[in-house]
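The values are calculated or read from the model by the stated rules, or taken from the named source; none is laboratory data. All values reported here derive from a predicted model rather than from experimental measurement. Quick reminder, even Gly has a Cβ in these numbers, built from the backbone with ideal geometry, and neighbours come from all protein chains shown.
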Amino acid sequence: MENTPLTRAYLETLSTTDLVVLADESGIDIPEGLNRRFIIGELLELVEDNSSDIEDSSNLVDAEYTITAEILPETYNETQITMLLRDPGWVFAYWDFHTTLFSALTGNYRFETFFLRINSLSSSTPPAVIDFFDVEVGPHDRKWYVHLPGKAYSCRVDLYSRNTQEKEQLLARSVETCIPSCGVGESVFDSKQKNPPLVELSGITELRKNHFRNHRQSFN
Amino acid sequence: MADNALIFLLNAELPYIRHPDQPGCVAETHLFNALSYTYLPLLRTCTSLETEGIPFKLAISFAPVLCEMFADPLLQERYIETLDKSIDFGLSELDRNSLSPEIRDLIKIHLDQLQLNRRDFVEIYEKNILKKFDYFANHGYIEILATTATNCYLPLYTDIPEAISAQIETGLITYRKHFTSIPSGFWLPAMAYTPGIECTLKAYGFQYTILESHGLLFADPIPDAGLFAPAFCRNGFTVFGRDKIACLEVYDSAHGFITNPDYLDVNRDIGFELDEDILSALFNTKLGRRMTGFRYWANRKTASESAYYQFHKAHAQVCEDARKFLDRRMEMLDKASALLEGEPVSTVCAFPASIFGGIWYEGISWLENLFRIAADENQTCFALFSQVMRQKTPDKRISPYYSSWLDSGYNEEVLNNSNDWMYPFVRKATTRMIDLAERFPDDSGLKERSLNMASRELLLAQSMDWFYMMNEGEQSEYARQRFEESVRAFTVVYESLGSNFISTEWLTTTEKRHTLFSEINYRVFSKKK
């Protein structure tokens, strides 16, 4: 075990007992009954920390074999949230937890829920939150599609936890993302709006009809 | 009216489907069919038009992945083997259908095409068709646009600018490897525009791109000329708007030309109909049924309407549809020009190349007829983007609207419940790659080799093809495997660099499997200083 690279693929091959022993040898305190994937996460984090300390110019050594993981990891052991724009009306958010934090939060008997806070931001610098709403998510949820309120310049999704005693706790913030605002503004579906003749000839009326049919929620 | 220009663009793209250890796999069929029914016939058309002195202008965005597959000796040899098997199989089909003269005639036509393809591919193009496209580009007939290394959906990486730069830079390196021209245009994969991308493109020396109709028509402000002239972003970068309505006249699944009952039913292929015993002469049936190119029936809506394909009827329809399309474009351009008091106007028709010869068997012939009719009547002038770009930028500048040419008009096809699980992996791998490029800026030897391999696998994982294919039941498992394979390979390198051990045997095997982007430099993922 000593000379085997500690990769996720290798760690997945070990029994839970071996993982606990390895964690113990590495100085990681493992609470009893902790899920093996959390132990793997902790070990990998340690490897990553150690590798940053290794001089980067050190050479790679040819190993006899490489174990490739059969499955992709369930977690990257980091508390973070990411937001991607699906269309002008909807965003997709996905998140992950650091295993220790997750265990601490959900293991607390006062734990109530995780939730997403969807913030509408102004165009000022720095952007100000002009409105927000919350969406409760389950402890095992890792993704959510959110419909955006209109009128915001940009938006940001925050990941929070809440328990019965303390104030809500901010866990992670996505980057701010601009929400596309239609150049024809609120009149995009206004059939009475007069367009320049070449724009009309380009088919804007048909385009608007199609957008109204498929994306009306995106332009409220 | 002579300045009215019709710009025609084909987006040539396919997923990377090289499987050295699985000869005859179904995935390869897509590449070989594209060669047989789209690219070789297109080159023949271009050659005929050039020989006859008929002017033609065509823009093509060649995906670097496709170029790498066209230039791949293994795939070239396998294509020749496939052609040879098809020719032998065609001869046996003649015997099998000895009592059906209509089918025999169709088999003979198909055999002629197969033999022509083999001759052209081996003797004329010496197995690499890109040289001939480069020839046409150098002679002013074709304009070849650059694009990303893999078919990467850029709007979903705007918060990771290094990913976008890496895609563009590797795409450019591959462009220079296969073509001798300098690209002034850039094809955004899926025409997916996100505000600000014009700044990146301009920084790389590109002058224009093409957007879906609503990218221009919902812009702020709306360009006065609508889709009939290029518009200019706030940084002066030129954007052309695709005339989606015109394009749908061709391929709309309900009313487009492709639905005409006289055209070949490309989906009714004997590869899906005959007994495995018969087909086993053509391909390994255990690897899955597939398109063979032997298709005998015309497009009919019901089985009772079923009829054999008649070449002369389809040909007459091609001529009629080409004329109809040109008349309509000329009418629109004339109207637009009149509204602009005689100012030159243009319209852009951009299509996936796979429609021509693939979804629509007669598509290349239709395209040829467009050029022939236009030349005969001396009215519509086909043009290249670079010819239409105005010399001076006007005062009015726009902010184009978020858009793509996917059916939804935005990102829905590449970001939904069937494929959203992929983003945490590919984006994490991307940020890790940037980190590696920063940590190992000057490394060489085994480390450099590993990093180059990791960046190659990451670029492959970023290809939207896998995300898109996850929506399609029959292809989703293949897409999942390919995506996971690339992410896993990347992860092995990432973790190996942490532990300082890597198996060179594994590295060599992985490099041999995916031989594309041999000039790749992992430092393209570095942060721009």
- From the list B:Lys313, B:Lys335, B:Lys324, which residue is more than 25 Å from B:Ala34 (Cβ to Cβ), part of a helix (DSSP H, G or I) and under 27 Å from the mean Cα position of the chain (by Cα)? B:Lys324
- B:Phe517 is checked against (1) more than 27 Å from the chain's Cα centre (by Cα); (2) not in a helix (DSSP H, G or I) and fails just one. What number does that condition carry? (1)
- Message: Looking at region B:393-401, can you tell me whether even one residue there is within 26 Å of B:Tyr193 (Cβ to Cβ) and under 22 Å from the mean Cα position of the chain (by Cα)?
- Response: no
- Message: Would you confirm whether or not region B:345-353 contains a residue that is in a helix (DSSP H, G or I), under 30 Å from B:Leu114 (Cβ atoms) and more than 14 Å from every other protein chain (Cβ to nearest Cβ)?
- Response: yes
- Considering only region A:7-29, state which residues are in a loop (DSSP other than H, G, I, E, B) and of a type outside the set (Gly, Ala, Ser). A:Thr7, A:Leu14, A:Ile28, A:Asp29
- Give the number of residues within region B:328-358 that are at pLDDT below 95, of a type in the set (A, V, I, L, M, F, W, C) and surrounded by fewer than 21 Cβ atoms within 10 Å (Cβ to Cβ). 4
- Examine region B:274-295 for a residue that is at positive phi, of a type outside the set (Val, Ile, Thr), touching a Leu at 6+ places or on another chain (Cβ under 9 Å) and part of a loop (DSSP other than H, G, I, E, B), and state whether such a residue exists. yes
- Some residue of region B:465-488 being of a type in the set (A, V, I, L, M, F, W, C) and either more than 23 Å from B:Val65 (Cα to Cα) or over 26 Å from the mean Cα position of the chain (by Cα) (or both): no
- Task: Kindly establish whether B:Ala437 is crowded, with 24+ Cβ neighbours inside 10 Å and out of contact with any Cys (no Cβ under 7 Å at 6 or more places or on another chain).
- Result: no
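Residues are listed down the side, and each one gets a yes or a no for (1) in a loop (DSSP other than H, G, I, E, B); (2) within 14 Å of chain A (Cβ to nearest Cβ); (3) not charged (D, E, K, R):
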| site | (1), (2), (3) |
| --- | --- |
| B:Gly358 | yes, no, yes |
| B:Trp366 | no, no, yes |
| B:Phe371 | no, no, yes |
| B:Lys396 | yes, yes, no |
| B:Trp405 | yes, yes, yes |
| B:Thr431 | no, yes, yes |
- Query: Taking helices (runs of 4 or more DSSP H) that do not extend beyond region B:154-265, which have at least 2 residues that are more than 13 Å from every other protein chain (Cβ to nearest Cβ)?
  - Reply: B:161-178, B:197-203, B:244-251
- Top-ranked residue of region A:94-136 - restricted to ones that are part of a strand (DSSP E or B) and hydroxyl-bearing (Ser, Thr, Tyr), ranked as modelled with the lowest pLDDT: A:Ser120
- Task: Could you run through region B:478-529 and say how many residues are hydroxyl-bearing (Ser, Thr, Tyr) and more than 7 Å from chain A (Cβ to nearest Cβ)?
- Result: 10
- Message: Please verify whether B:Val414 is β-branched (Val, Ile, Thr), more than 10 Å from chain A (Cβ to nearest Cβ) and within 30 Å of B:Ile222 (Cβ to Cβ), treating the condition exactly as stated.
- Response: no
- Item | Scan of region B:440-456 for residues that are assigned to a helix (DSSP H, G or I), in contact (Cβ under 8 Å) with a residue 40 or more places away in the chain and more than 23 Å from the chain's Cα centre (by Cα), ordered by number | B:Leu446, B:Lys447, B:Glu448, B:Arg449, B:Ser450, B:Leu451, B:Asn452, B:Met453, B:Ala454
- Residues in region B:407-429 that are within 30 Å of B:Tyr251 (Cβ to Cβ) and assigned to a loop (DSSP other than H, G, I, E, B): how many? 11
- Task: Could you please find all residues in region B:101-117 being buried (at least 18 other Cβ atoms within 10 Å of the Cβ), over 14 Å from B:Ile80 (Cα atoms) and of a type in the set (A, V, I, L, M, F, W, C)?
- Result: B:Ile103, B:Leu106, B:Ile107, B:Leu111
- Of everything in region B:51-70 that's among the charged types (D, E, K, R) and part of a helix (DSSP H, G or I), which residue is surrounded by the most Cβ atoms within 10 Å (Cβ to Cβ)? B:Glu68
- Message: Please count how many residues of region A:71-92 are within 13 Å of chain B (Cβ to nearest Cβ) and under 22 Å from A:Gly41 (Cα atoms).
- Response: 11
